[in-house]
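The values are calculated or read from the model by the stated rules, or taken from the named source; none is laboratory data. Not measured: the values here are computed from a predicted model. Note that we place each Cβ from the backbone using ideal geometry, even for glycine, and neighbour counts take in every protein chain shown.
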Amino acid sequence: MVRTVKNKEQEKKKIGRKPKLIVEDQILMMLQYLREYRTYYHIGKDWKISESSVCRIVHKIENLLIKSRQFRLPGKKELWQSQRQEELVVMDVMESQIERPKKRQKQFYSGKPREHTLKTQLVIQQKTGLIVCLVNGKGKTHDFKLFKNSGVKFGTLMQVIADKGYQGIAKIHQLSETPIKKKKGKKLTQEEKIYNR
């Protein structure tokens with residue numbers, strides 16, 4: 001990231017005064033904003049610069065990295081165009097807690113006590129550990145519904161491993177596996193427990 005931003009900065013004409021923060025710090029500030037979900041005000045206090053400067057730096061670095069096209073995920077097409085035999089992908093959803101929205105709170109309420117969240121569906125290649133694609137949704141959305149709405153399609157030879165939230169995926173994709181759910185009033189057999197692990 002640092003090399004990419006420095007190269008882009010050198011291409012520009014030098015107009016105006018030098019920035020207060022070096023490129024490494026600017027990138028760190030942008031990552032802090034994206035990862036920690038903090039306000040510009042609080043990040044500005046940490047770095048001893050104004051809110052508007054934080055906003056300007058975050059947008060500038062984001063745009064430089066987007067234009068470089070080096071930091072992007074392969075995308076949904078990679079999944080169904082892939083012709084590699086016996087490829088295995090893992091799919092799961094993670095939740096990120098957010099501040100309670102002022103309007104339309106129910107859409108973001110996750111069912112966990114007093115937690116409003118955003119859901120992110122990850123599709124990861126098993127061998128390499130690379131993230132193939134991300135899909136975002138509101139906290140109320142069920143994992144399987146998020147999958148159906150995402151439009152993610154897998155190649156016919158690709159195996160998919162998912163958790164219990166994806167019950168029913170076998171009807172959509174033949175080579176998918178989910179854990180066996182316990183039926184009402186019954187217990188899982190020892191073989192089913194071993195299969196789930």
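Being in the same structural domain as ASP163 (by TED's automatic domain parsing), in contact with a Phe, Trp or Tyr (Cβ under 8 Å, 6 or more places away or on another chain) and at pLDDT 85 or above is true for just one of PHE144, PHE108. Which residue is that?
Result of the check over PHE144, PHE108: PHE144.
For the stretch 2-34: of the residues being in a loop (DSSP other than H, G, I, E, B) and at pLDDT below 80, which is nearest to LYS67 (Cα to Cα)?
The selected residue is LYS12.
Go through the stretch 89-121 and give me each residue that's buried (at least 17 other Cβ atoms within 10 Å of the Cβ) and part of a loop (DSSP other than H, G, I, E, B).
Correct list: PHE108, SER110.
Can you pull out the residues in the stretch 145-169 that are closer than 13 Å to MET91 by Cβ, over 16 Å from the mean Cα position of the chain (by Cα), hydrophobic (A, V, I, L, M, F, W, C) and not in a strand (DSSP E or B)?
Scanning the stretch 145-169 gives PHE154, MET158, ILE169.
With the condition kept exactly as written, say whether any residue in the stretch 63-73 is at pLDDT below 85, touching a Cys at 6+ places or on another chain (Cβ under 7 Å), in a loop (DSSP other than H, G, I, E, B) and within 28 Å of LYS138 (Cβ to Cβ).
Yes, that holds for at least one residue.
Check TYR37 against each of (1) at pLDDT below 85; (2) out of contact with any Pro (no Cβ under 9 Å at 6 or more places or on another chain); (3) assigned by TED's automatic domain parsing to the domain that holds GLY151 and name the one condition it does not meet.
(3)
Report every pair of residues separated by at least 6 positions or lying on different chains whose Cβ atoms are under 6 Å apart, first residue within the stretch 34-48 and more than 16 Å from ILE61 (Cα to Cα) and among the acidic types (Asp, Glu), second surrounded by 14 or more Cβ atoms within 10 Å (Cβ to Cβ) and modelled with pLDDT of 90 or more.
That search, which allows pairs on different chains as well, returns nothing.
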